[in-house]
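Single-structure report; data block below.
The values are calculated or read from the model by the stated rules, or taken from the named source; none is laboratory data. Treat the numbers as computed from the prediction; the structure is a model and nothing was measured. Cβ coordinates were reconstructed from backbone atoms using ideal geometry, including for glycine residues, and neighbour counts include every protein chain displayed.
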Amino acid sequence: MPKSLPGRPVSLWLDTTPETGFPPLPEGLEVDVVVVGGGLAGLTAATLLKEAGRTVAVLEAGRIVHGVTGHTTAKITALHTLIYDHLIRHAGEAKARAYGEAQQAAIEQVAARVRDKAIDCDFVRSDAYTYTESPEEKGRIEAEVEAAQRLGLPATYLEDTPLPFPVEAAVRFDGQARFHPRKYLLALARDLPGEGSHIFEATRVLDVTPGEPCQVTTDRGRVAARDVIVASHFPFADKALFASRLQPHRSYVLALRLDGPPPDGLFIDTGENFSLRPQPLPDGDTLLLVGGEGHRAGEGGDTVARYQRLEVWARGRLPVRAVEYRWSTQDNFTVDRIPYIGPTTQHSRHLYVATGFNGWGMTNGTVAGMLLRDLILEGDNPWAAVFDPSRMNLNDVPELVRQNARIAAHLVADRVHRTDPDTVGPGEGKVVHTLHGNVALYRDEAGLIHRLSPVCTHMGCILHWNPAERSWDCPCHGSRFGVGGEVLHGPALRPLEKK
Ligand code: FES
């Protein structure tokens with residue numbers, strides 16, 4: 001029997017906003033731009049393109065702002081843990097400067113829209129901090145402050161923060177921000193349909209054929225468009241081999257009610273183990289979101305214990321009264337820590353991608369919208385070379401080789417052990433070897449057994465059971481499936497076979 005966890009298993013963002021109900025795609029539509037994926041990157045790009053006079057159709061497999069954007073901690077900041085010293089050394093000062101400028105411009109883009117459209121989304125300016133409790137990490141903080149100041153970013157070195165526990169050192173970026181991501185994006189979505197533009201939900205894109213126009217094939221029919229943006233988190237039409245260049249990670253969030261006000265600011269430690277930010281509730285109280293316990297997707301082991309360790313950490317440092325919510329999320333990481341935003345390949349003329357936001361999707365997703373708008377309208381943008389998906393840096397090759405060796409090991413060496421299905425308790429799942437072959441077996445609380453193929457429909461890796469989320473997760477590229485076999489998270493497009 002799985003251990004029970006405190007808090008409601010839903011994201012605060014989803015629990016405090018209404019559900020959307022956009023229609024599915026009708027047959028025979030033609031627009032200027034199709035945007036695949038209704039998260040922050042997709043809706044921002046669609047909004048900016050519609051404002052520039054283009055007709056746009058956003059296609060979402062489920063409901064918009066439900067995926068990664070519905071499960072983020074929603075920090076809008078250019079302070080991406082420690083990145084600027086790294087970027088100067090690995091990509092050069094010009095690219096590091098452009099990366100920082102793009103992030104700061106994204107913050108101002110969101111701020112201006114909230115102000116101009118009077119969007120009620122709990123947007124507030126807030127300082128962001130990366131801190132360390134270890135004397136050995138102090139030098140990294142100092143180097144980051146020096147690098148960020150050199151690039152013209154609003155960085156300050158500190159040895160004291162608003163956190164209620166001592167730190168060794170911290171870097172602070174002034175004038176960053178936080179908001180309620182669903183309130184913000186549902187406001188954008190309200191203004192999108194009309195004048196030839198649309199949002200379609202429950203419409204899974206299966207393939208994109210480049211051309212003039214491009215043909216987008218969905219499970220509801222086809223749509224033609226001059227340009228297509230794939231902003232579906234993990235790209236599915238993967239001719240550019242993103243599967244070999246992205247590393248999906250999962251992490252966990254607790255929304256805590258404290259005795260007293262939470263610390264004011266956006267916080268993360270240098271090891272990216274813990275992230276904190278406050279969020280007001282409609283009842284006037286303010287919760288503290290604590291995130292962490294990250295791991296490679298499909299390799300989380302006892303994911304219930306991850307929530308428990310996060311709670312133990314929080315209770316050891318903060319006056320926690322109650323856990324109100326808990327949820328988990330998935331982010332794609334790139335080897336050089338810069339997202340892939342731009343033409344899918346060097347030869348793509350009308351097919352664009354936005355992925356690999358490295359856990360910083362609020363600014364990088366907004367950068368994606370701005371950059372792709374410019375590429376589609378003008379054919380260029382000053383940040384294009386930095387985010388170019390076709391870039392290649394020889395320094396990244398060893399890590400890419402390691403990453404792909406790990407995936408190959410899962411493909412080739414993951415074995416299913418003979419297990420007695422009776423050892424699977426209520427609420428538990430296991431991949432077992434039976435007389436009928438390998439089976440992903442889940443026993444529900446009523447004792448009913450659900451049998452699925454344990455083979456991921458993306459590229460054939462063996463799935464792992466995720467006890468906290470009750471899902472089947474793939475260790476290769478992060479696809480996830482529900483206990484009924486339905487796709488929860490791509491790149492897989494097809495559900496698991498029933499056994
Ligand atoms: Fe690629 Fe499962 S996600 S094999």
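Of the strands (runs of 3 or more DSSP E) that lie entirely inside the stretch 440-499, those containing 2 or more residues that are over 20 Å from Phe333 (Cβ atoms) and away from the ligand (no atom under 16 Å from the Cβ) span 449-452. Of all residues in the stretch 386-402, those satisfying the criterion of being in a helix (DSSP H, G or I) and farther than 19 Å from Ala41 by Cβ are Leu394, Asn395, Asp396, Val397, Pro398, Glu399, Leu400, Val401, Arg402. Within this structure, Gly175 fails the test of being in a loop (DSSP other than H, G, I, E, B) and out of contact with any Cys (no Cβ under 6 Å at 6 or more places or on another chain).
Of the candidates Met362, Met370, Met392, the single residue that is at pLDDT below 85, within 25 Å of Ile229 (Cβ to Cβ) and away from the ligand (no atom under 16 Å from the Cβ) is Met392. All conditions but one from (1) among the acidic types (Asp, Glu); (2) more than 11 Å from the ligand (Cβ to nearest atom); (3) surrounded by 14 or more Cβ atoms within 10 Å (Cβ to Cβ); (4) closer than 30 Å to His86 by Cβ apply to Glu399; the one that does not is (3). So which residues in the stretch 195-228 are under 20 Å from Leu375 (Cα atoms) and in contact with a helix residue (DSSP H, G or I) (Cβ under 7 Å, 6 or more places away or on another chain), if there are any at all? Result: Ser197, Asp227. In the stretch 241-255, what residues are part of a strand (DSSP E or B), within 16 Å of the ligand (Cβ to nearest atom) and aliphatic (A, V, I, L, M)? If the condition is that a residue be part of a strand (DSSP E or B), within 16 Å of the ligand (Cβ to nearest atom) and aliphatic (A, V, I, L, M), then Leu246 is the only one that fits.
When every residue of the stretch 26-45 is checked against the conditions, none turns out to be free of Cβ contacts under 8 Å to residues at least 40 places away in the same chain, over 17 Å from the mean Cα position of the chain (by Cα) and part of a loop (DSSP other than H, G, I, E, B). The number of residues in the stretch 256-306 that are in contact with a Gly (Cβ under 6 Å, 6 or more places away or on another chain) and within 16 Å of the ligand (Cβ to nearest atom) comes to 1. The residues in the stretch 179-207 that are of a type in the set (Gly, Ala, Ser) and part of a loop (DSSP other than H, G, I, E, B) can be counted, and the count is 2.
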